[in-house]
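The next block holds one structure in the form of structure tokens; read it before the comments.
The values are calculated or read from the model by the stated rules, or taken from the named source; none is laboratory data. Nothing here was measured: the structure is a model prediction, and the numbers come from that model. With ideal geometry, Cβ positions are generated from the backbone for all residues, glycine too; neighbour counts draw on all protein chains shown. These area figures cover heavy atoms from the full protein model, side chains too; ligands, DNA and RNA do not enter into them. Shrake-Rupley method; radii C 1.70, N 1.55, O 1.52, S 1.80 Å.
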Amino acid sequence: MDDPFDPAAYRPTAPLEPGDSIPSGDDLKQLLHDLTQQTRDLARWPYDPETWFARAETLVSLRFPELALGDGWKAERLCGNLLARVDKGVGKWRLGFAKGFWMMGSEVPGARGHSDGEEEDEDGEEEEDEEKEALCERLRDLRDTATLLQHTLLDVSPEHLEGRFVPRSYPWMSAYHRFRSDELLEKVNDEFSQHTCGRGHSVAACRVERNAFGGGADVLGVFATRDMEAGTLLFVDYTEVFGCIGPGSDDSSANLFGGKGCADPLHPNLESEMAWQDLRWIRDRCGKDAADVIMRCRLLIGSIRWGCRAEAAGEKTRRGGHPLDHTRIARLTPSHRVNRKPSLVSLEHDVAVPNDFLLQFGIDVFADERYDTWVLFEVRERAGNNSWGDPIHSCLSPLFAFFNHSCAPNVDWAPHKDATFMTLEIVRNVKAGEQMLVMYDSFMTDEGLAARRKRMRRWLNSDCMCEKCELEEEHERLEAELVKMRARAEAFQLLLDQKKADQHRVDSPLGSRETSSMSAIDEVVGNWDTAPKPIFPEDLE
């Protein structure tokens, strides 16, 4: 956000309601200028709550509610922290010029309050008290205003602190983060080689290639490199990022899904992690939704460790170890689909908990722009679009994420009972060069076309058009046409039967020749035999 971007790329994420307007023209240019300047100010003064709140207001005007929510939370958090420090009497706090405040310790020679052994001036103490009270009042007002702004954005479910937004690619995101590089694909294909070589073969069984379905350079798919028969084990994909629900930090079962949860007593932590890295508190705060939140946090743990290792080794990572550069995140496809319906945004699950987690793991969420709120939402979309799981687990497997969907797949996948790995097996004979497809939700296999397509819209831009869906769609179309033809034939036969009945009554010796008994078809086309005839003058002679 610190670099200007083309206003033509501007796409707001707030759902458009009747009467709403989208900024344009000079108003849009001014808002974008304010956004750029405020982001640069935050890089210089990251602990100034007033600048965070000012940027939150700009983001509201630009109709990015989820990002305004994050900046409002940071402004409120900073105000609360500063008020706590002032109340504890830590240092000499004073109002500062333009930036709100600064702290001057009494140990600083020459600072007001430093007496060099002399008694403090009583007037000076009174002035300090007045300044302290003015600062506290200013912070309280700003904190309350920031809280009000957040609640205004959470209009869908205020009691659950939830709002709405439409996930879209942010216009300031670099082109490098929008597309998957050739370098990344080579790394992924190396992983496929490591998993699928052997068993009598010296080359990989499959590889990732571009232009799957002819959909463009960044539409990827997995293609077979050799012929394979049904029943062949393709590879085992180990889960490296997961989340699960279960007992919280007090081992309570209150957060268990339906009375059950993850059976592993160590989860959601790992054996390699230290006590200070305990993530059970996320279960306490997120309850049944904890699995998704923990999975996202684990993705971020990988990026944090990757950045730290690179710095320790003296390596220069691109953009200083940006989380979107990390291989486990960079490979994932964001779910920025056309005409997507609004999604819920939760203050607790999407803003507060992820930021508290980053603080726990040593990331300064105020000063480190790599973990700005928009990055957290981008990670959320990528994780949600590529994960798999059950009511207890949410998992990301590094290679499975590259497989595209078909309702008539040639590859079947089966997770291990504790979700630590999955197996992928060929279920139909595959030829070299053929794309390898899986069914994303295998429990939908026996469902009808409409139900499957509705479910698949979570991942696809449009209705699923796999071979099975197209055949069923054509079958349904022909069935509908046949039903219409049968209905028309039945209606026509009914008219004919009615006409014959009416004609029979007319011709019967006991019947009446009154014209009121004309059938429906006579009313439409007329009948010369039964219709009244015109009387001409020559008929009267």
Accessible-area value, LYS484, 1.4 Å probe, nucleic acids and ligands omitted, Å²: 110 Å²
Two-site FRET efficiency, GLU271 against ARG210, from Cβ-Cβ distance with R₀ of 35 Å, rounded to 0.05: 0.35
THR420, THR58, ranked by accessible area, largest first (probe 1.4 Å): THR420, THR58
Note, ³J(HN,Hα) from phi for the range 424-432, Karplus 6.51, -1.76, 1.60, rounded to Hz, x at Gly and Pro: 10, 10, 6, 10, 9, 3, 10, 9, 4
Accessible area (Å², 1.4 Å probe, nearest 10) - ASP227: 100 Å²
Where labels lie 7 Å past Cα in the beta-carbon direction, separation of ALA489 and TRP45 in nm: 8.3 nm
The range 8-79 shape via C-alpha gyration tensor axes, a/c threshold 1.5: oblate
Built amide H within the under 5 Å cut-off of ARG207, gap 5+: PHE223, THR225
The range 132-237 shape via C-alpha gyration tensor axes, a/c threshold 1.5: prolate
Rounded, prolate or oblate (a/c below 1.5 giving rounded, otherwise prolate when a/b exceeds b/c) for the range 400-507 by Cα gyration tensor: prolate
Backbone HN-Hα couplings from phi across the range 490-496 [Karplus 6.51/-1.76/1.60, Hz, Gly and Pro as x]: 5, 5, 5, 5, 4, 5, 4
Computed accessible area, SER442, all protein chains, 1.4 angstrom probe, square angstrom: 60 Å²
Proximal charge balance of ASP289 [Cβ under 14 Å; K/R count +1, D/E count -1]: 0
Amide H contacts of GLU240 (H built 1.01 Å from N, under 5 Å, at least 5 apart or other chain): LEU396
Over 31 Å (Cα to Cα) - which of LYS29/LYS187; LYS288/LYS454; LYS29/LYS341 fall in this group: LYS29/LYS187
Extension gain from LEU16 to CYS136, taking 0.36 nm per residue of separation minus the Cα-Cα distance: 39.3 nm
Efficiency of FRET between ASP87 and TYR238 - r from beta-carbon atoms, R0 45 angstrom, step 0.05: 0.35
Computed label-point distance, nm, for sites LYS454 and PHE421 using a 7 Å Cα→Cβ extension: 3.8 nm
